[in-house]
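Below is one structure, written out as structure tokens, with a few remarks after it.
Coordinate-derived values only; no laboratory data. From a predicted model like this one, the values you see are computed outputs, not experimental measurements. Reconstructed Cβ throughout: ideal geometry from the backbone, glycine too, with neighbour counts over all protein chains shown.
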Amino acid sequence: MKLFTLVLMAAALSAQTLPADIDKDSYSRLPLIPRATLSGEALRVYDAVVGKDAAGNPRPTPPVGPAATSLYSIGVAGPMDLLNKFIRQIKAGPAMYQLCSIIAAREFDEPYEWNSHEGGARRAGVSEKAIEAVKFNRPLDGVPAKEALVIEFGRALFRDQHRVSSELYARVVKEFGQEGMFELTSTMADYAMAAIMLRAVDQQVPNVTAELPMLKR
């Protein structure tokens, strides 16, 4: 009974700390869109984006996060979903995909995105040195060469003059090929787009497992 009471108190405290304009179910400024309210093309896109549960049934509400936000425009949600599904299979492999996702999350200080992908990056084999270099904006000393190259590439794209030098571009193409270079770029761009959307609706993080410290650059 005591444990149950503590759980209820923790849940209540969590709810009290949400900003006033945040919906308690979506953890963002936009409420979840119930499937039952949709029809026609909107319903088709919803089902394509949200998918089915473990029993094979349509999900009545979308999962918290980018999918829930994107569904406010089916013209955005459909193509965004297709791109995200494609980049998960890029030729550079799952580790580079996950590394690109956390690079974008870090550059936009996006806690939901970071919380969703730090563990995935670790499971995919991204080195702890690389994860910490991204997370804490550290120099790349000691980071494995391929990961350091992708981080350097991402920082060039997102920072300063948003320009990749000829020398850096050549190194990325030599390592990953032209197609690989563009797929890495597209992966970071996709997660940058999602980060901007999530920042606009002030997406909060339910069940935080990975804190993203704020940095001064």
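If you line up the long axis of helix 166-200 against the longest principal axis of the chain, both from Cα atoms, how many degrees apart are they, to the nearest 10? The angle comes out at about 20 degrees. As an exercise, use a Förster radius of 30 Å and the Cβ-Cβ distance of E128 and R29 to find the FRET efficiency, rounded to the nearest 0.05. Between E128 and R29 the formula returns 0.30. Summing +1 for each Lys or Arg and -1 for each Asp or Glu among the other residues whose beta-carbon sits under 12 angstrom from that of A92 gives -1.
For Cα extents along the principal axes in Å, several values are listed as (1) 57, 47, 33; (2) 53, 37, 36; (3) 93, 49, 26; flag the one computed from this structure. It is the value labelled (1). Placing unit charges on the Cβ atoms of the charged side chains and taking the dipole of the stretch 118-194 about its Cα centre, the candidate lying farthest along the positive direction among I131, Q161, A145 is I131. Modelled spin-label separation between T17 and E41, with each label point placed 7 Å from Cα along the Cα-to-Cβ direction: 4.3 nm.
For the stretch 128-138, putting each phi into the Karplus relation 6.51 cos²θ - 1.76 cosθ + 1.60 with θ = phi - 60° gives couplings of 5, 4, 5, 4, 5, 4, 6, 4, 10, 6, 8 Hz, in residue order, rounded to whole numbers and with x for Gly and Pro. Angle of helix 74-87 to the longest C-alpha principal axis of the chain, folded into 0 to 90 degrees and rounded to 10: 50°.
Once you have a ≥ b ≥ c as the square roots of the Cα gyration tensor eigenvalues for the stretch 103-179, tell me rounded if a/c is under 1.5, and otherwise prolate or oblate according to whether a/b is larger than b/c. Prolate, because a/c is 1.5 or more and a/b exceeds b/c.
Taking a ≥ b ≥ c as the square roots of the Cα gyration tensor eigenvalues, the stretch 16-105 comes out oblate, since a/c reaches at least 1.5 and a/b does not exceed b/c. Using only Cα atoms, tell me the angle between helix 111-124 and the longest principal axis of the chain; keep it within 0 to 90° and round to the nearest 10. Tilt of helix 111-124: around 60 degrees.
Extension gain for Q161 to D141 (0.36 nm times residue separation, less C-alpha to C-alpha distance): 4.9 nm.
Estimated from helical segments only, the mean residue ellipticity of the chain at 222 nm is -19500 deg cm²/dmol, where each DSSP H run of four or more residues counts as -39500 (n - 2.57). In the elastic network of the chain, a GNM with C-alpha springs shorter than 10 Å, the most mobile of G180, G56, G93 is G56. Rounded to the nearest 20 debye, the dipole magnitude of the chain is 240 debye, with +1 charges on Lys and Arg beta carbons, -1 on Asp and Glu beta carbons, and the Cα centre as origin.
Could you sort out which of K24/K129; K91/K129; K24/K91 sit more than 28 Å apart by Cα distance in this structure? Result: K24/K129; K24/K91 exceed 28 Å. Backbone N atoms of the stretch 178-204 closer than 19 Å to the 7 Å Cα→Cβ label point of L83 belong to residues 179-201.
Between the beta carbons of E152 and A54, assuming R0 = 41 Å, the FRET efficiency works out to 0.50 to the nearest 0.05. Setting aside same-chain residues fewer than 8 positions from K52, which aspartates and glutamates have a Cα under 17 Å from its Cα? Qualifying aspartates and glutamates at Cα under 17 Å: D81.
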